[in-house]
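**Q** Sharing a structure, written as structure tokens. Questions coming.
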Amino acid sequence: VQLQASGGGLVQAGGSLRLSCAASGISLRNCDVGWYRQAPGKQREPVAKIASGKIIYYLESVKGRFTLSRDDTKNTVYLQMDSLMPEDTADYYCNANSFIATYWGKGTLVTVSS
């Protein structure tokens, strides 16, 4: 099982990025999937989660700015991030919980300049 996160980069405040988490070896539609982030010196925190095909969680500070979606034809989960702020700067990770095991992808770095 592999989760490949991509789409991070450097963007100015107010800009947008779309992160992708492509899976192989597992079907994401059969998993609870989440995006997490970890800023320097801080603990990893959940940003958005989808379970049973429904969005079940957004971090309060990203509500209205970030949108999680899933494309079953591509076995990929996306995180559309709009109106980015410097405090969104972090390594972003995707996570898939199949109820048998939990898998993590490598992080993709998002840097938002002021």
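**Q** Of everything in the stretch 20-42, what is within 18 Å of Thr73 (Cβ to Cβ) and not in a loop (DSSP other than H, G, I, E, B)? Give them in sequence order.
**A** Selection gives Ser20, Cys21, Ala22, Ala23, Ser24, Leu28, Arg29, Asn30, Val33.
**Q** Looking at the stretch 1-33 only, could you name the residues that are farther than 20 Å from Thr111 by Cβ and open to solvent by less than 20 Å² (accessible area, probe 1.4 Å)?
**A** Leu3, Ala23, Leu28, Cys31, Val33 - these are the residues of the stretch 1-33 that are farther than 20 Å from Thr111 by Cβ and open to solvent by less than 20 Å² (accessible area, probe 1.4 Å).
**Q** Output the residue which, of all residues in the stretch 39-50 that are within 17 Å of Ser20 (Cα to Cα) and not β-branched (Val, Ile, Thr), is surrounded by the fewest Cβ atoms within 10 Å (Cβ to Cβ).
**A** For the stretch 39-50, the residue satisfying everything is Pro46.
**Q** Hey, another quick one. Just checking, how many residues over the stretch 77-90 are surrounded by fewer than 18 Cβ atoms within 10 Å (Cβ to Cβ) and over 16 Å from Lys49 (Cβ atoms)?
**A** Number of matching residues: 5.
**Q** Kindly indicate the residue of the stretch 10-32 that is over 19 Å from Leu68 (Cβ atoms) and among the small types (Gly, Ala, Ser) and also nearest to the chain's Cα centre (by Cα) among those meeting that condition.
**A** Ser24
**Q** Pairs, please: C-beta under 6 Å, at least 6 apart or cross-chain, first residue at negative phi and in the stretch 48-76, second in a helix (DSSP H, G or I) and open to solvent by 30 Å² or more (accessible area, probe 1.4 Å)?
**A** Close Cβ pairs satisfying both conditions: Asp72/Arg29.
**Q** Just to check your reading of the model, which residue among Tyr36, Tyr57 is out of contact with any His (no Cβ under 9 Å at 6 or more places or on another chain) and under 17 Å from Ala22 (Cα atoms)?
**A** The match here is Tyr36.
**Q** Under 6 Å between Cβ atoms, at least 6 apart or on separate chains: pull out the pairs that start in the stretch 28-43 with a residue that is under 13 Å from Glu87 (Cα atoms) and end on any residue that is part of a strand (DSSP E or B).
**A** Correct list of pairs: Arg37/Val47; Arg37/Ala90; Arg37/Tyr92; Gln38/Ala90; Gln38/Asp91; Ala39/Ala90.
**Q** Sticking with this one: Would you check which residues across the stretch 1-19 are in a strand (DSSP E or B) and within 22 Å of Thr89 (Cβ to Cβ) and list them?
**A** Leu3, Gln4, Ala5, Ser6, Gly9, Leu10, Val11, Gln12, Leu17, Arg18, Leu19 - these are the residues of the stretch 1-19 that are in a strand (DSSP E or B) and within 22 Å of Thr89 (Cβ to Cβ).
**Q** For the stretch 72-93, what are the residues that are over 12 Å from the mean Cα position of the chain (by Cα) and either among the polar types (S, T, N, Q) or part of a loop (DSSP other than H, G, I, E, B) (or both)?
**A** Those that are over 12 Å from the mean Cα position of the chain (by Cα) and either among the polar types (S, T, N, Q) or part of a loop (DSSP other than H, G, I, E, B) (or both): Asp72, Thr73, Lys74, Asn75, Asp82, Ser83, Leu84, Met85, Thr89.
**Q** Which of the residues belonging to the stretch 94-114 are more than 18 Å from Ile50 (Cβ to Cβ), assigned to a loop (DSSP other than H, G, I, E, B) and in contact with a Phe, Trp or Tyr (Cβ under 7 Å, 6 or more places away or on another chain)?
**A** Gly107
**Q** Name the residues in the stretch 51-67 that are assigned to a loop (DSSP other than H, G, I, E, B) and open to solvent by 50 Å² or more (accessible area, probe 1.4 Å), would you?
**A** Matches in the stretch 51-67: Ser52, Lys63, Gly64.
The values are calculated or read from the model by the stated rules, or taken from the named source; none is laboratory data. This structure is a prediction, so every number in the text was calculated from the model and none was measured. With ideal geometry, Cβ positions are generated from the backbone for all residues, glycine too; neighbour counts draw on all protein chains shown. Surface accessibility is based on the protein's heavy atoms, side chains included, excluding ligands, DNA and RNA. Shrake-Rupley method; radii C 1.70, N 1.55, O 1.52, S 1.80 Å.
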